[in-house]
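Just so you know, all these numbers are worked out from the coordinates, no wet-lab data involved. Note that the structure is a prediction, hence the values are computed from the model and not measured. Every residue, glycine as well, gets a Cβ built from its backbone with ideal geometry; the counts of neighbours run over all protein chains shown.
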Amino acid sequence: MVKAYSNDLRERVVAAVEAGDSCRTVAARFGVSVSSVVKWSQRWRATGSVKPDKMGGYRPIVLEPHRDFILEQLRQSSHVTTRSLQRMLAARGVKVSHDSVWRFLHREGLSFKKKPVRP
């Protein structure tokens with residue numbers, strides 16, 4: 001992912017548009033797209049700032065509210081699998097994927113390597 005243009009460039013572009021130049025002219029002069037000039041000008045008029053929004057994002061951990069339930073299931077039975085945890089959560093109304101359960105357990109530092117029973 002590329003990083004956002006600097007605030008300095010954004011401010012100079014908006015100042016040129018505010019001075020009366022067209023968006024196409026300003027875009028050609030500063031080497032940015034016309035849509036960027038339009039969006040930065042709109043942001044300036046709406047908020048008074050040209051600062052970009054945060055890029056990327058934070059996704060909350062869906063299973064965090066169910067942490068105690070999951071850990072209790074693991075304490076009760078050490079042979080529980082990620083698929084069975086997924087089914088237990090589904091019975092409680094929490095629809096998650098197998099991978100979500102695995103990632104949650106990995107973040108908790110728990111391992112689920114099942115070895116076959118040897119005779």
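Couplings 3J(HN,Hα) of the range 31-37, computed from phi: x, 10, 6, 4, 5, 5, 4 Hz, in residue order, whole Hz [Karplus 6.51 cos²θ - 1.76 cosθ + 1.60, θ = phi - 60°; x for Gly and Pro]. The mean sequence separation of alpha-carbon pairs under 8 Å and at least six residues apart, normalised by the residue count of the range 30-119, gives a relative contact order of 18 percent.
Considering helices alone, the calculated mean residue ellipticity of the chain at 222 nm is -16000 deg cm²/dmol, with DSSP H runs of length four and up weighted by -39500 (n - 2.57) and normalised per residue. Contact order for the range 7-47, expressed relative to its length and based on alpha carbon pairs under 8 Å spaced 6+ residues apart, stands at 39 percent. Each other residue within a Cβ distance under 11 Å of A4 adds +1 if Lys or Arg and -1 if Asp or Glu, for a net charge of +3.
Taking Cβ atoms as reference points and 14 Å as the exclusive limit, the residues near I70 contribute a net charge of +3, counting Lys and Arg as +1 and Asp and Glu as -1. Each label was represented as a point 7 Å from its Cα along the Cα-to-Cβ direction; for H106 and S33 these points are 3.3 nm apart. Once both labels are positioned 7 Å from their Cα atoms along Cα-to-Cβ, the gap between R87 and K54 label points is 3.9 nm. Compared with the dominant Cα axis of the chain, that is its longest principal axis, helix 82-91 is turned about 80°. With the gyration tensor restricted to C-alpha atoms of the chain, the semi-axes of the equivalent ellipsoid amount to 55, 15, 11 Å, longest first. Altogether, the Stokes-Einstein calculation at 20 °C and 1.002 mPa s, with the Kirkwood radius of the range 7-47 over Cα pairs as Rh, returns a diffusion coefficient of 221 µm²/s. For K3, the aspartates and glutamates whose Cα falls under 15 Å of its own Cα, not counting residues fewer than eight places away in the same chain, are D53.
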